[in-house]
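Asker: Let me begin by handing over the structure; questions about it come next.
The values are calculated or read from the model by the stated rules, or taken from the named source; none is laboratory data. These numbers come from a predicted model, not from an experiment. Backbone-built Cβ (ideal geometry, glycine too); neighbour counts: all protein chains shown.
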Amino acid sequence: MSPGPSLPVQPPNGPQPNGEPSSGPRSQKSMTKAERRELQERQRAAKAAKPTAAPGAPNAKQAAKSNQPTAAPKKGPDSGAAAAAKTPKDAKAATAVASEGVAGKAHGLRIFSHFGLPKPVSAAKGDIHPAVVRLALQFSNFKITGANARCIATLTAFKTVIQDYATPPNNTLSRHLMTHLSPQISHLVAARPMSVTMGNAIRQLKLEISGSDIDLPEQDAKDALCQKIDNYIRDRIIIADQVIEETAGNKIKDGDVVLTYARSSVVEKVLLGAHSEGRQFSVIIVDSRPMLEGKRLLSVLSSAGIQCTYLLLPALGSVISEVSTVFLGAHSIHSNGAVYARAGTALVAMLAKQHSVPVVVCCETYKFSEGVQLDSFTKNELAPVGDLFSSFPLTKPREALTLHKGPNLEILNPLYDLTPPTSITAVVTEVGVIPPNSISSIPLALGRLL
Amino acid sequence: MAPELQTAGHRAVEVLAGKLRRRQVVGSREAALETVLVLRQVVSRARFSNINQLVGIIRDVGRRLSEAQPKEHTVGNIVRKVLHNIREEYNTATRGTAAAAAPVRNVYSISKFVLQGQPRKQHVAPRSEATASLKENDPNDPDSFARGIKPVLMEAIQDVLDELETVYDNVSKNAKDHIHSDEIILTIGHSKTVEAFLKAAAHNRNFTVIVAETGPSYSGHEMARALSAAGISTFLVPDSSIYAIMSRVNKVLLGAHAILANGGMFAICGSLLAATAARTHSTPVVVCAGQFKLTPLWNLYHDYGALDFADPSSVLGFEEGDLVDKVDVVNPYYDYVGPELVDVFITNDGDHPPSSVYRLIKESYDDEDHEF
């Protein structure tokens, strides 16, 4: 998907005498996929282009630092990977001086290179069901966001796929359906990395498929599977949300000031439920770029008649002293109690904890993710650069904003972050209110149904 | 009896007060520069026969300017600084250098030890060779005192102006000692002092800067552009990811709007989040500010009213038509950051921890000027 190289790429001191990238110490395996792709493109370009004497325009900073002109950076889709690719390329350079000067620069840009930028949805390979194609487009354009929404949409699309599926001869449904579904799943993952909820649901679906009775006629087997999917959605999401709504709603008393961040579907239900029971409380909605999802929550809550205050994340410090409880949603929750949620949640939880405000996370049990994540870098997703969500105020002239990257300038929009368990007071699930350190006991509480 | 201001000086004060009231003067350094220029005009045209009249004139100017824009603290600070310098000059002119002499060191005793520890008034180099003949309240020639001391006063004011004009250079003097190679620095908003500091360090060091956008003003965008144009590798991130990236950040560099007497500060909205997240990760927080931002003011109760509020339409604009009526929008411009969150203040006059800010204030300003 990267455009063809627009400049001939030269090693800094003319063509190498042996023509081989000899001094590159890193094997192909140690480079990331992006770097490998860059390396391939470079090798292809080097073969195709005629070597000329003139090196490309040096990067201004490197020219200042070292006297060796370096080859022009490729116009790759992500200069993070391009800068990272500069390092293996410069490792091939003749002198150590150039690579020292450049390695210092590339270090900073390299630490984020594993994030990987979102790729545009490629043309559907193989036969992808149209429902899945539509869903992938909706995902990549962020029309469907939120862990619950994405999971329900995926399962609904898969129901259509299953109904339209016909077992090929000499095959059983329980064995072949999964191979049929795999490319559909990969297509969705290519559009946007899979959420933990989708992963858990699909794992459960695979379990059901492989456990389906071989003797059942095909239509009955398919109907049974769709019924199981409906039950999953109903039990693990809809009814779980109702239980959470009631439990968490009991924590809201008259006169409370509730604070929430961005838009969680569960917290929205909790607040609407508590309001419909006649409790008098006001809500403070904290919102932030890149997605500015809080505005949707704001319109829903204020149309329901709840008194709302709206502010952006930096302003949090001035209102936190008036807040009685903080309700947060989650994308997933780990066995050490750390909550993986929309970027900015960690800041809200941290500041609330500092001001002794209880932080309550509302999370269904199907969002539970085995394993422990230590920081927000282990797993994260970047939003596409630019104003996809129209999240800049109209009062700000567009020329004053930096919407595209430039030389020495990269724009990163991480979508998630990790809140450590120390900042959280309690987690409300459908099996009860749990302190964050006991999250690992959830599978036990569910009778290992996870 | 209160002397009236000369018309020209009076007009200049009114013009500046109007600009401050309408927020046409943006930025603490700009406000400080304009205040110095106005004070210079006022002093050069003032008529007074003793020092107290001059002090009264200047305090009156200070009161009017601070009332025009109470949240712009540098205006009052400059007036206090000028008053302090004027008093110093006056003291050296009338009494010689006796008051400023260092204590004799040949006897060791507890009292000498204690005396040496007193905050020493900042020395203004005395220029008062030819002023032995100053006579106050001369009935024959009421202006003789003014004429005699004015050149000295103008030089004192010029000192303040010079200090203001060289603030960025002096703050960045030791930049390369504070920033090391391959460091990742986080900053927010667009502070020109921090920008000058980073650009100075970039001449000798290779580092990366992460700039947080700082909604709703999004001044971080300009900062990122300025830094990347200077050849520093820059990342622009939204405010929501400050906690996420903090584990990789080596230092947090902030600018200040005003430094308070307890070592806390008013800084652009979002600084509290960055400083708290840094404290959670044990990352040092460094504040770059000129000394003209030192304010003899306390924020003991973390007053909501101490904040300055900006236009809510940048948070929730009129395009959300039906929401605008039903919803409260909060858009403070500044945050209060407590002294426990800041590790060091880098000023044009050296580096100081928050615990010694009170000493700096005692040395730069006179106690009687805290309230005009």
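Asker: Taking A:Pro183, is it in a loop (DSSP other than H, G, I, E, B) and farther than 27 Å from A:Ile238 by Cα?
Answerer: no
Asker: Let me ask something else. Residues to consider are A:Lys253, A:Lys295; find the one that is among the basic types (Lys, Arg), under 27 Å from A:Val348 (Cα atoms) and out of contact with any helix residue (DSSP H, G or I) (no Cβ under 9 Å at 6 or more places or on another chain).
Answerer: Criteria check complete, one pass: A:Lys253.
Asker: Hey, another quick one. What are the residues in segment B:307-319 that are part of a loop (DSSP other than H, G, I, E, B) and more than 7 Å from chain A (Cβ to nearest Cβ), if any?
Answerer: Selection gives B:Asp308, B:Ala310, B:Asp311, B:Phe318.
Asker: Taking A:Val267 as the residue in question, decide whether it is outside any strand (DSSP E or B), within 26 Å of the chain's Cα centre (by Cα) and within 18 Å of A:Pro358 (Cβ to Cβ).
Answerer: So A:Val267 passes the test.
Asker: Go through the residues of segment A:233-240 one by one and say whether even a single one is touching a residue at least 12 places away in the same chain (Cβ under 8 Å), away from chain B (no Cβ under 14 Å) and assigned to a loop (DSSP other than H, G, I, E, B).
Answerer: no
Asker: Scanning segment B:237-291 for residues that are small (Gly, Ala, Ser) and at the interface with chain A (Cβ under 7 Å from one of its Cβ atoms), which turns out surrounded by the most Cβ atoms within 10 Å (Cβ to Cβ)?
Answerer: It comes out as B:Ser240.
Asker: Does B:Ala244 satisfy being within 23 Å of the chain's Cα centre (by Cα) and at pLDDT 90 or above?
Answerer: no
Asker: Working carefully through the options A:Leu351, A:Leu347, A:Leu403, find the one that is more than 15 Å from the chain's Cα centre (by Cα) and free of Cβ contacts under 8 Å to residues at least 24 places away in the same chain.
Answerer: It is A:Leu403.
Asker: Restricting attention to segment A:378-385, does a residue exist that is within 18 Å of B:Met246 (Cα to Cα), within 13 Å of chain B (Cβ to nearest Cβ), of a type in the set (Ser, Thr, Tyr) and surrounded by 22 or more Cβ atoms within 10 Å (Cβ to Cβ)?
Answerer: no
Asker: Evaluate the following for B:Val329: is it away from chain A (no Cβ under 12 Å), at pLDDT 85 or above and surrounded by 17 or more Cβ atoms within 10 Å (Cβ to Cβ)?
Answerer: So B:Val329 fails the test.
Asker: A follow-up question, please. Residues of segment B:220-257 being among the basic types (Lys, Arg) and under 22 Å from B:Asp343 (Cβ atoms), which ones?
Answerer: Initially, segment B:220-257 is screened for residues among the basic types (Lys, Arg), giving B:225, B:248, B:251.
Within segment B:220-257, B:Arg248, B:Lys251 meet the criteria.
Asker: Considering segment A:403-423 alone, what residues qualify as being more than 8 Å from chain B (Cβ to nearest Cβ) and hydrophobic (A, V, I, L, M, F, W, C)?
Answerer: Across segment A:403-423, the qualifying residues are A:Leu403, A:Leu415.
Asker: Can you pull out the helices (runs of 4 or more DSSP H) entirely within segment B:175-280 that have at least 2 residues that are out of contact with any strand residue (DSSP E or B) (no Cβ under 6 Å at 6 or more places or on another chain) and among the basic types (Lys, Arg)? It would help to see each step written out before you state the result.
Answerer: Numbers: elements: B:175-178, B:192-202, B:220-229, B:242-246, B:271-280.
Where helices (runs of 4 or more DSSP H) fall fully within segment B:175-280 and carry at least 2 residues being out of contact with any strand residue (DSSP E or B) (no Cβ under 6 Å at 6 or more places or on another chain) and among the basic types (Lys, Arg), they are B:192-202.
Asker: Checking B:Ala99 against (1) loosely packed, with under 14 Cβ neighbours inside 10 Å; (2) modelled with pLDDT of 85 or more; (3) part of a helix (DSSP H, G or I): exactly one of these is not met. Which one?
Answerer: (2)
Asker: Report whether or not B:Val171 is modelled with pLDDT of 90 or more, buried (at least 17 other Cβ atoms within 10 Å of the Cβ), away from every other protein chain (no Cβ under 14 Å) and over 15 Å from B:Ser228 (Cα atoms). Full working, then the answer.
Answerer: Working: modelled with pLDDT of 90 or more: yes; buried (at least 17 other Cβ atoms within 10 Å of the Cβ): yes; away from every other protein chain (no Cβ under 14 Å): yes; over 15 Å from B:Ser228 (Cα atoms): yes.
Yes.
Asker: A further question follows. For segment A:263-293, give me each residue that is within 10 Å of chain B (Cβ to nearest Cβ) and either among the charged types (D, E, K, R) or surrounded by fewer than 22 Cβ atoms within 10 Å (Cβ to Cβ) (or both).
Answerer: Hits for segment A:263-293 are A:Ser282, A:Asp287, A:Arg289, A:Leu292.
Asker: Turning to a different aspect of this structure: When only residues in segment B:188-227 that are of a type in the set (S, T, N, Q) and out of contact with any Lys or Arg (no Cβ under 9 Å at 6 or more places or on another chain) count, which is nearest to the other protein chains (Cβ to nearest Cβ)?
Answerer: B:Thr214
Asker: While we're on this one: Being surrounded by 17 or more Cβ atoms within 10 Å (Cβ to Cβ), touching a Lys or Arg at 6+ places or on another chain (Cβ under 6 Å) and under 21 Å from B:His257 (Cβ atoms) is the requirement here; does B:Ala17 meet it?
Answerer: Yes; evaluated as a whole, the condition is true for this residue.
Asker: Keeping to segment A:314-328, report how many residues are within 19 Å of A:Ala343 (Cβ to Cβ) and modelled with pLDDT under 95.
Answerer: Here is the first cut: in segment A:314-328, the residues within 19 Å of A:Ala343 (Cβ to Cβ) are A:314-317, A:320, A:326-328.
With modelled with pLDDT under 95 added as a condition, the list becomes A:314-317, A:320.
Qualifying residue count, segment A:314-328: 5.
Asker: Within segment A:153-176, work out how many residues are crowded, with 20+ Cβ neighbours inside 10 Å, of a type in the set (A, V, I, L, M, F, W, C) and touching a residue at least 40 places away in the same chain (Cβ under 8 Å).
Answerer: 4
Conditions tested, residue by residue: (1) outside the structural domain of B:Arg205 (by TED's automatic domain parsing); (2) in contact (Cβ under 8 Å) with a residue 12 or more places away in the chain; (3) within 19 Å of B:Ser66 (Cα to Cα).
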position: B:Ile245; (1), (2), (3): no, yes, no
position: B:Arg248; (1), (2), (3): no, yes, no
position: B:Gly264; (1), (2), (3): no, yes, no
position: B:Thr276; (1), (2), (3): no, yes, no
position: B:Val286; (1), (2), (3): no, yes, no
position: B:Thr295; (1), (2), (3): no, yes, yes
position: B:Ser313; (1), (2), (3): no, no, no
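Asker: Looking at the structure I just gave you, is A:Ala330 within 14 Å of chain B (Cβ to nearest Cβ), of a type in the set (Gly, Ala, Ser) and under 24 Å from A:Ile152 (Cα atoms)?
Answerer: Values: within 14 Å of chain B (Cβ to nearest Cβ): no; of a type in the set (Gly, Ala, Ser): yes; under 24 Å from A:Ile152 (Cα atoms): yes.
So A:Ala330 does not fit the description; no.
Asker: Just a yes or no: is a residue in segment A:352-373 closer than 22 Å to A:Val196 by Cα, within 9 Å of chain B (Cβ to nearest Cβ), in contact with a helix residue (DSSP H, G or I) (Cβ under 7 Å, 6 or more places away or on another chain) and not basic (Lys, Arg)?
Answerer: Going through segment A:352-373, the residues closer than 22 Å to A:Val196 by Cα turn out to be A:360-373.
After this cut, where a residue has to be within 9 Å of chain B (Cβ to nearest Cβ) as well, the list is none.
Looking for residues that are closer than 22 Å to A:Val196 by Cα, within 9 Å of chain B (Cβ to nearest Cβ), in contact with a helix residue (DSSP H, G or I) (Cβ under 7 Å, 6 or more places away or on another chain) and not basic (Lys, Arg), one finds none in segment A:352-373, hence no.
Asker: When residues of segment A:386-402 are filtered for being at the interface with chain B (Cβ under 9 Å from one of its Cβ atoms), out of contact with any His (no Cβ under 9 Å at 6 or more places or on another chain) and among the hydroxyl-bearing types (Ser, Thr, Tyr), how many remain?
Answerer: 2
Asker: Still on this structure, I have one more. Please specify each residue of segment A:131-181 satisfying the condition of being charged (D, E, K, R) and over 19 Å from the mean Cα position of the chain (by Cα).
Answerer: Result: A:Arg134, A:Lys159, A:Asp164, A:Arg175.
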